[in-house]
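Here the structure comes first, spelled out in structure tokens, and everything after it is commentary.
The values are calculated or read from the model by the stated rules, or taken from the named source; none is laboratory data. No experiment lies behind these values; they were computed from the predicted model shown. Positions of Cβ are generated from backbone atoms using ideal geometry, with glycine treated the same way; all protein chains shown enter the neighbour counts.
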Amino acid sequence: MGVKCGGAFLVVVVVVVVAASTSGIASANKEWSSVAGNWNKRPRPNATEAASKRFTVGGDQHWRFGFNYTSWAVNNAPFFLNDTLVFKYDPPNDTTFPHSVYLLPDYRSFQNCDLRRARKIGDVGAGGGDGFEFVLRRWQPYYFACGEHGGIHCKDGLMKFAVWPLIRWLY
Ligand SMILES: [Cu+2]
């Protein structure tokens, strides 16, 4: 009897924990879907795709003014933990705008291209040649933006995108 009750209790706890974490993820995803597109509708990769991937941000457009990086991120999703983003952009010269890469601290600053609390991960010279790498090491939203011209590149140049890497073993 005691064992049976204990077992039942354990099952209830597990169910509650699973329900709580599932609804938490679901509501987070619901909010997130407005940023990153059809989060819940992405195809589940199979086991042969288990290795980490490298993405050149913007593809052959690299990191430049006027390319829609939100669309790029949606089209290249899903991203997983330990996937690598490669940022490529020319160092300052006579013919191209300088660019840079910052991480914005939250969704609000991302929406507003507010760089005040941003953390620089690539300065204007960092994207030359083969570019620089950024590995998505944590299960968290990452908000990337160009920091040049006081947020104008982010706002008007569409040089921003958000990524929330998935945990591979869940899929
Ligand atoms: Cu820029």
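See the values below:
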read-out: Pairs where the first residue, in segment 102-113, is on the phi < 0 side of the Ramachandran plot and the second is assigned to a loop (DSSP other than H, G, I, E, B) and not hydrophobic (A, V, I, L, M, F, W, C), C-beta under 8 Å, 6+ apart; value: Tyr102/Gly147; Leu104/Asp114; Leu104/Arg117; Pro105/Arg117; Tyr107/Pro141; Arg108/Asp114; Ser109/Arg116; Ser109/Arg117
read-out: Those residues of segment 91-120 which are within 14 Å of the ligand (Cβ to nearest atom), modelled with pLDDT of 95 or more and not aliphatic (A, V, I, L, M), in sequence order; value: Pro98, His99, Ser100, Tyr102, Cys113, Lys120
read-out: Only one of Ile152, Ile167 that is in contact (Cβ under 8 Å) with a residue 40 or more places away in the chain, more than 16 Å from Val57 (Cα to Cα) and of a type in the set (A, V, I, L, M); value: Ile167
read-out: Selection count where residues are more than 16 Å from the chain's Cα centre (by Cα) and exposed (fewer than 13 other Cβ atoms within 10 Å of the Cβ), scope segment 121-138; value: 2
read-out: Every residue from segment 124-133 that is more than 11 Å from the ligand (Cβ to nearest atom) and within 15 Å of Met159 (Cβ to Cβ); value: Ala126, Gly131
read-out: Residue tally, condition crowded, with 19+ Cβ neighbours inside 10 Å, within 11 Å of the ligand (Cβ to nearest atom) and not in a loop (DSSP other than H, G, I, E, B), over segment 145-171; value: 6
